[in-house]
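> Got a structure here, written out as structure tokens. Questions coming.
Just so it is clear, none of the values below were taken in a lab; they were calculated from the coordinates. This is a predicted model, so every value here is computed, not measured. Here the Cβ is made from the backbone with ideal geometry for all residues, glycine too, and neighbour counts use every protein chain on show.
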Amino acid sequence: MTIRIDYTNMLAGAVAGGIPAAAWEGAQRDFGAAHAAVQQLRKSGALGFLDLPRDRALHDQSRDFAKRVRGKFDDVVLLGIGGSALGPVALHSALNKRDWNTLTKKERSGRPRFHVLDNVDPGTIGHLMGRLELERTLFVVISKSGGTAETMAQYLVVRGALNERFGAGAREHLVFVTDPAKGALRDIAKHEGVATLDIPPNVGGRFSVLTPVGILPAALLGMKTAQLLAGAADMEKRCRSGVLRENPGAVFGTLQWLADTALGRGTHVLMPYSDKLRDLAPWFVQLWAESLGKHRAEGDAGFGPTPLAARGATDQHSQVQLFMEGTPNKTVSFIQLGEHPVDVPIPKLHQDVPELAYLGGHHLGELIDIERRATAGALARRGRPNLTIHADHADEWHVGALIMLLEVATIYAGHLYGVNPLNQPGVELGKQFTYAMLGRADADAARREWEKLPKPDPDASV
């Protein structure tokens with residue numbers, strides 16, 4: 001079991017547009033300062049996500065609840081947005097059988113179907129609520145603050161339906177995942193006796209997948225949550241190293257930072273060559289974008305890379321044309337599996353047709369791996385830097401390790417960019433304007449600022 005990063009194609013020795021040797025050597029010499037800064041941040045208690053793999057009490061909250069309700073529900077519906085949804089979705093697609101909700105109960109080993117409501121589109125929510133058998137449905141409501149407008153609106157819709165059907169028994173169909181001491185959900189839970197699991201105060205939403213945010217749905221669906229945390233623990237230990245070349249998270253973060261700041265390659269693509277790992281890419285997009293896209297000082301132009309999700313080999317026929325010949329402002333990070341969970345032989349048919357004959361006798365797993373190697377090589381030949389994260393398997397241990405690798409990389413990148421990777425001030429103004437337009441009582445200041453905005457210009461509309 002291992003995770004390995006091959007970054008040969010990020011360096012100028014292999015790629016004409018790669019990171020110069022002097023820059024990479026300088027980063028290794030200077031790494032002590034970055035390592036010390038991250039360690040100090042950890043000692044301050046700010047990096048709570050690093051401690052999650054060894055927090056047995058927190059893990060037990062999810063396992064104990066899942067054990068208590070096993071067999072009671074045929075459907076689990078997650079209400080959340082951003083990190084409260086992207087992490088659980090990535091775990092579900094990586095670790096459960098494909099087309100999970102279409103399988104029979106026996107094929108799911110008695111585990112429930114899984115639905116994620118990560119938006120407030122009325123068509124989606126109305127359609128799902130119209131299909132569910134509420135008597136056999138559990139709703140997992142995830143909001144650390146307990147005040148996220150979208151999630152709370154979802155909750156109110158669901159709670160109204162549950163109240164109408166079950167009255168006081170509605171709480172038996174709910175579990176909250178929120179701050180351990182404060183917030184609206186915590187208050188409701190205390191007053192009404194709703195089951196509640198904790199998001200530690202020092203773990204932000206986009207770093208929360210290894211809290212009950214992700215671990216509870218994983219436990220409800222029968223995943224090996226202890227192995228998820230074991231893989232994350234192994235990677236966290238590797239990422240303590242003060243030697244850059246031995247620290248996978250720091251290597252990834254430093255290479256992307258150098259590519260951006262030294263080469264102008266500020267678009268960072270994550271491209272898993274695996275359908276099971278496809279949803280790690282959108283999860284990474286939020287992690288990288290919300291952590292690193294910041295102002296360093298009042299009034300500056302803003303800094304930070306732009307993450308982009310892609311999937312191999314599918315996006316070889318869409319985005320790779322841009323990666324290969326478009327503006328040279330990108331790096332591509334592939335994820336390749338050492339072994340596919342299932343492989344399929346390609347029959348030797350139509351041997352008289354040259355366009356088909358060469359495929360026969362190979363396997364689909366071999367084909368997708370060769371496609372990745374070919375794409376990486378072609379990008380390198382065109383001077384486009386890329387790296388490959390090799391994971392032996394798409395199982396709990398390796399997925400946990402991948403999650404921790406990218407989370408640690410984000411913290412190192414934040415230090416190198418000179419921004420706080422743990423906050424998201426750019427999101428707050430839009431939230432305040434939403435509160436103002438909906439009439440929230442404490443949004444008077446935002447309401448006044450909203451009213452100062454220019455009104456729609458009839459001449460600027462077609």
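> Highest mean first, how do 381-388, 279-286 rank when packing is the count of other Cβ atoms within 10 Å averaged over residues?
279-286, 381-388
> Continuing with this model, one more query. Given the peptides 19-27, 372-380, arrange them by the average over their residues of other C-beta atoms within 10 Å, most packed first.
372-380, 19-27
> Kindly state, to the nearest 0.05, the FRET efficiency for Ala301 paired with Leu429, given R0 = 22 Å and r defined as their beta-carbon distance.
That pair, Ala301 with Leu429, gives E of 0.80.
> Calculate the spin-label point distance for Glu355 paired with Asp343, positioning each point 7 Å from the Cα along the beta-carbon direction, and give it in nanometres.
2.8
> Note down the net charge around Phe303, summing +1 for each Lys or Arg and -1 for each Asp or Glu among other residues with Cβ under 13 Å from its Cβ.
Counting the neighbours of Phe303, the net charge comes to 0.
> Each residue of region 165-179 in turn: what ³J(HN,Hα) in whole Hz from Karplus with 6.51, -1.76, 1.60 and θ = phi - 60°, glycine and Pro shown as x?
7, 10, x, 5, x, 4, 5, 6, 9, 10, 9, 9, 10, 7, 4
> Roughly speaking, what is the centre-to-centre gap between region 293-315 and region 377-454 when only Cα atoms are used, to the nearest Å?
Spelled out, the Cα-based centre of one part sits 8 Å from the other.
> Could I ask something else about it? For region 173-329, report the translational diffusion coefficient in µm²/s to the nearest whole number, using Stokes-Einstein at 25 °C, 0.890 mPa s, and a Kirkwood Rh over Cα pairs.
131
> Okay, next question. Enumerate the calculated ³J(HN,Hα) couplings along region 447-458 in order (Karplus 6.51 cos²θ - 1.76 cosθ + 1.60, θ = phi - 60°), each rounded to whole Hz, writing x wherever the residue is Gly or Pro.
Each residue's phi maps through the Karplus curve to give 5, 5, 5, 4, 5, 7, 5, x, 7, x, 9, x Hz.
> Same structure again: Under 5 Å between amide hydrogens, which residues at least 5 positions from Thr196 or on another chain qualify, with H placed 1.01 Å from N in the peptide plane?
Here Phe176 satisfy the definition.
> From the helices alone, meaning DSSP H stretches of at least four residues, give me the mean residue ellipticity at 222 nm for the chain, per-run term -39500 (n - 2.57), in deg cm²/dmol to the nearest 500.
Value at 222 nm, helices only, nearest 500: -14500 deg cm²/dmol.
> Could you tell me which label, among (1) 67, 61, 56; (2) 87, 55, 39; (3) 71, 51, 40, carries the value of Cα extents along the principal axes in Å calculated for this structure?
Read-out taken from this structure: (1).
> Express the relative contact order of region 49-224 as a whole percentage, based on alpha carbon pairs under 8 Å and six or more residues apart in sequence.
32
> Give, in whole angstrom and from largest to smallest, the semi-axes √(5λ) of the equivalent ellipsoid of region 49-224, with λ running over the eigenvalues of the Cα gyration tensor.
Each semi-axis is the square root of five times an eigenvalue, giving 22, 20, 16 Å.
> Ok, one more. Can you give the FRET efficiency for Arg448 and Ala33, using 1/(1 + (r/R0)^6), R0 = 60 Å, r = Cβ-Cβ distance, to the nearest 0.05?
Efficiency, rounded to the nearest 0.05: 0.85.
> What is the packing order of peptides 250-258, 118-126, 52-60, taking the mean over residues of other C-beta atoms within 10 Å and listing the highest first?
Ranked by mean Cβ neighbours within 10 Å, highest first: 250-258, 52-60, 118-126.
> Using the charge dipole of the chain (Lys, Arg: +1 at Cβ; Asp, Glu: -1 at Cβ; taken about the Cα centre), state which of Phe166, Trp257, Gly242 has its Cα farthest towards the positive end.
Phe166
> Using the Karplus curve 6.51 cos²θ - 1.76 cosθ + 1.60 with θ = phi - 60°, work out ³J(HN,Hα) for each residue of region 271-288 in order, rounded to whole Hz, and write x for Gly and Pro.
Calculated HN-Hα couplings, in order: 10, x, 9, 5, 5, 5, 9, 4, 7, 5, 5, x, 4, 4, 4, 5, 4, 6 Hz.
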